[in-house]
Amino acid sequence: MNILVAGGAGFIGSHVIDSLLAEGHRVICADKLIMGKQNIEHITEGDRFKFYEVELADQNKVDEIFATENIDVVYHLAANSDIQKGGKEPGIDFNDTLLSTRALLEGMRKANVKKMFFASTSAVYGEMLDVELTETTGGIMPVSYYGGAKLASEALISSYVSMCDMSVVIFRFPNVIGPRLTHGAVFDFIRKLRKNPAELEILGDGTQCKPYIYVLDLVEVIMKLTKEFKGGEEVYNISVTSEGTTVTHIAEIVVEELGLKDVTFNYTGGDRGWKGDVPRFSYDISKVLSTGWKPKHTSDEAVRQTVKDAIKAGM
């Protein structure tokens, strides 16, 4: 099949492309290269891979891709993925997440493309600390621009599913880590400790606890649940089967894997790292587990493996 991967040069998108190519598909990658092109430099352009550097919020540019490439399926991973960055500049989430979703859906409608995978987020639920979150949990109110743009995208997708008879699979997942990671606590802690191995600043009080999923586990379930699009809209919570990992424990793992001793942790205080951060949540993933998929890594194992990946990569 001819598959368009929007945001394919990003952290998760590049791993999705690797898997799609391994399965024999022809992949068209569209990305505006906010993070550069290093994640796909190992892929040679040719009959089975084509790259477009493009602003995905630009409807005319997106329409040109659909008119040229005879697309069968869209994997939509284009978004601002840095919640802190978007919190300082709301227009980033509006443009890179919501407007890119609208342009892709319109491109699909005009070209009569019916199948989409959409990468959503646990941030759509907002701050519901004492609720076990299922795919049908109601009253959800995002507390970050990032979560708001993703939830608005989900709503827009739902309307196109109904009006255009599309078939869409939506994954809501938490923190994703692993090879090619470009931001987040693991990335920041390694970078900070490389500069100063004696002390480490930790945002909040360190008790913030999130589930971390290894990117290759995530890509495995993306491939599994998009082999067939059954019609309509399917939403899945995707996470690990273990408890989450606290920020302090992430720091401890990083210190251990870097071989450091006597590192002083300096906390900025408060129960969260920044405004819009959700300090903890409880996720029900029984729906995706019922498909037979199970992540290979626990949250702690995902963190440790990611640190090892980063060290091996020379970070």
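List the strands (runs of 3 or more DSSP E) that sit entirely inside region 211-272 and contain at least 2 residues that are surrounded by fewer than 19 Cβ atoms within 10 Å (Cβ to Cβ) and more than 14 Å from the chain's Cα centre (by Cα).
Filter on region 211-272 gives 232-237, 264-267.
Please enumerate the residues belonging to region 19-33 that are free of Cβ contacts under 8 Å to residues at least 40 places away in the same chain and either more than 22 Å from Glu106 (Cβ to Cβ) or exposed (fewer than 15 other Cβ atoms within 10 Å of the Cβ) (or both).
Leu21, Ala22, Gly24, His25, Arg26, Leu33
Quick check on my filter: what residues within region 115-144 are out of contact with any Gly (no Cβ under 7 Å at 6 or more places or on another chain) and assigned to a strand (DSSP E or B)? Please lay out each step first, then the result.
So in region 115-144, the residues out of contact with any Gly (no Cβ under 7 Å at 6 or more places or on another chain) come out as 115-120, 122, 125, 127-139.
Correct list: Lys115, Met116, Phe117, Phe118, Ala119, Ser120, Glu132, Leu133.
Would you please list the contacts, defined by Cβ atoms under 6 Å and residues six or more apart or on different chains, that run from a residue in region 288-315 that is closer than 21 Å to Glu135 by Cα to a residue that is at pLDDT 95 or above and acidic (Asp, Glu)?
As it stands, the answer is Pro295/Asp217, since those pairs meet every condition given.
Would you confirm whether any residue within region 284-292 is in a loop (DSSP other than H, G, I, E, B), assigned by TED's automatic domain parsing to the domain that holds Phe171 and under 22 Å from the mean Cα position of the chain (by Cα)? Before you say what the answer is, go through the steps one by one.
Going residue by residue through region 284-292, those that are in a loop (DSSP other than H, G, I, E, B) are 284-285, 290-292.
From the residues that got through so far, the ones that are assigned by TED's automatic domain parsing to the domain that holds Phe171 too are none.
No - not one qualifying residue is present in region 284-292.
Condition test on Glu201, is it surrounded by fewer than 18 Cβ atoms within 10 Å (Cβ to Cβ) and not in a helix (DSSP H, G or I)?
So Glu201 fits the description; yes.
Scanning region 104-114 for residues that are in a helix (DSSP H, G or I) and out of contact with any Asp or Glu (no Cβ under 7 Å at 6 or more places or on another chain), which turns out surrounded by the most Cβ atoms within 10 Å (Cβ to Cβ)?
Taking the candidates together, the pick is Leu104.
Would it be correct to say that Phe66 is under 22 Å from Ile177 (Cα atoms) and not aliphatic (A, V, I, L, M)?
No; evaluated as a whole, the condition is false for this residue.
Among (1) outside the structural domain of Thr306 (by TED's automatic domain parsing); (2) touching a Ser or Thr at 6+ places or on another chain (Cβ under 9 Å); (3) not in a helix (DSSP H, G or I), where does His183 come up short?
Every listed condition holds for His183 apart from (1).
Report yes if Ser153 is assigned by TED's automatic domain parsing to the domain that holds Met223 and out of contact with any Leu (no Cβ under 7 Å at 6 or more places or on another chain), otherwise no.
no
Can you confirm whether region 57-76 contains a residue that is surrounded by fewer than 24 Cβ atoms within 10 Å (Cβ to Cβ), more than 20 Å from Lys224 (Cα to Cα) and within 19 Å of the chain's Cα centre (by Cα)?
Within region 57-76, one or more residues are surrounded by fewer than 24 Cβ atoms within 10 Å (Cβ to Cβ), more than 20 Å from Lys224 (Cα to Cα) and within 19 Å of the chain's Cα centre (by Cα).
The values are calculated or read from the model by the stated rules, or taken from the named source; none is laboratory data. As the structure is a prediction and not an experimental result, all values here were calculated from the model. No Cβ is skipped: glycine too gets one built from the backbone with ideal geometry, and neighbour counts run over all protein chains shown.
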